[in-house]
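Take a look at the structure set out below.
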Amino acid sequence: MLDCDSYISCLPNHKSKFCPLLLFQYFSTSTDDQFGFALVKEEINEAVLKNNQPAAAAKITELMMKEKNITLNIAITGESGAGKSTFVNALRGLSDDDEGAAPTGVTETTIEVTPYPHPNYPNVTLWDLPGIGSTKFPADKYLELVGFEKFDLFIIISATRFTENDVKLAQEIQRMKKKFYFVRSKIDNDINAERRKRNFSAERTLTKIREDCVKGECSSPQVFLVSSFELYLYDLPLLQQTLDRDLPGHKRDALLCAMPNINPEIIRKKKQALKSKVKYWATLSAAGAAVPVPGLSIAVDAAVLVGAVTHYVFAFGLDIPSLKRLSARTGVPYADLRAVIMSPLAVAPLDLLSPGSGANRNKKDFITKIIKNISWQLLISQQTRGSEG
Ligand code: GDP
């Protein structure tokens, strides 16, 4: 790889030209090439080295489409009443009585293999599977009947010790070269029951549940303790980290984006993942600005900006339906939540696609300045890092 100075010096008019495409020089290509990601990244780098903005922009668009089309299928299985449907809803950021939620209840509610796409990321699907061992889904044919091939991983849920059926299923999943994870559900119930005892210790109770799972029939090295009613407590963040570690690179971002924002660590990771993509948006904007057709560059900038901001809004659950659900769950009025997230950019509604008026021209200038400023700062920081390395 060229070092920073020699790369810049080989560009035409390098001293006077601002080129956000330079950024890509310092982003290595991934080795995860099952879906041709590394090849497209290589092509972007090549276009960048040739200072060919249109080609780089076309390849970036291709890369973004590829990322958008990455599917992640998570199967949630376990015995009836274990809390599968409730877990599916909680991971999708839905309450049990929200529209589109999986039906839950004390009677058997999951009798078919049912897909539940994530409301904001429909490429991520949680599959609510019927309990193993029913007449329709006998244990020995279970994986075949649920169509195991389509799932990236299995989560086996139990509200008590894992049964012989659960363990057999785990072994079978492993034989099919798929991953499984044991989740012990309804931990809030256990904690509340123990809380009444003298010398109550949450820590001790959780350790006991873990040991009990292992001592019983469960041979998994790790069991994740979860409450679907209090996702932010216990082991859900640990489960997320474990899935993140086990999934192939191109699926990790899909999982991360779809994860509920249950703690600052997940929010920080999302921020990092989104930040790593700013270079793409900046390049698309720069390529749009180079188009010599009046009005078109504004439309391209607007489309780029709207695309990026929409993605950020969804990832952080700041879209209106997510905010309304959050309001219903927490009791904080929707108007208050909205007021908190109002940014100076959102205060005046931007009619970006009709840039004729003076006001809109000013807004356009403002946004262009922001985009250029971000691109510029990124460029400087990348160059600094490059020359230090
Ligand atoms: P499924 O048959 O495995 O899909 O189980 P459901 O999701 O329908 O849940 C069965 C019952 O357990 C319902 O009454 C849920 O409200 C309850 N439940 C599920 N998850 C939890 C949890 O994390 N904590 C508590 N306290 N109850 C839960």
Please enumerate the residues belonging to the stretch 41-72 that are in contact with a Ser or Thr (Cβ under 9 Å, 6 or more places away or on another chain) and buried (at least 18 other Cβ atoms within 10 Å of the Cβ). K41, I44, N45, V48, Q53, A56, A57, I60, L72
Do the conditions hold for G83, that is, is it among the small types (G, A, S), modelled with pLDDT under 90 and within 26 Å of F151 (Cβ to Cβ)? no
Odd one out for K136 among (1) of a type in the set (D, E, K, R); (2) surrounded by fewer than 22 Cβ atoms within 10 Å (Cβ to Cβ); (3) within 21 Å of the chain's Cα centre (by Cα); (4) within 15 Å of the ligand (Cβ to nearest atom): (3)
List the number of the failed condition for G307; all other conditions in (1) buried (at least 17 other Cβ atoms within 10 Å of the Cβ); (2) modelled with pLDDT under 75 hold. (1)
Taking the stated definitions as given, is L169 crowded, with 19+ Cβ neighbours inside 10 Å and either over 21 Å from T125 (Cα atoms) or not acidic (D, E) (or both)? yes
Residue list for the stretch 98-117, filter: away from the ligand (no atom under 11 Å from the Cβ) and either touching a Ser or Thr at 6+ places or on another chain (Cβ under 7 Å) or without any contact (Cβ under 8 Å) to a residue 60 or more places away in the chain (or both): E99, G100, E112, V113, P115, Y116, P117
Given P103, P130, which one is part of a loop (DSSP other than H, G, I, E, B), surrounded by fewer than 21 Cβ atoms within 10 Å (Cβ to Cβ) and in the same structural domain as V183 (by TED's automatic domain parsing)? P103
If the Cβ limit is 9 Å and pairs must be 6+ apart or interchain, which residue in the stretch 172-188 that is under 21 Å from Q241 (Cα atoms) and not assigned by TED's automatic domain parsing to the domain that holds V146 pairs with which residue that is away from the ligand (no atom under 16 Å from the Cβ) and in a helix (DSSP H, G or I)? none
In the stretch 73-88, anything crowded, with 23+ Cβ neighbours inside 10 Å and more than 7 Å from the ligand (Cβ to nearest atom) is listed as A75, I76, T77, V88
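The values are calculated or read from the model by the stated rules, or taken from the named source; none is laboratory data. All values derive from a computational prediction rather than experimental measurement. Here Cβ is always computed from backbone atoms with ideal geometry, including for glycine, and neighbour counts include all displayed protein chains.
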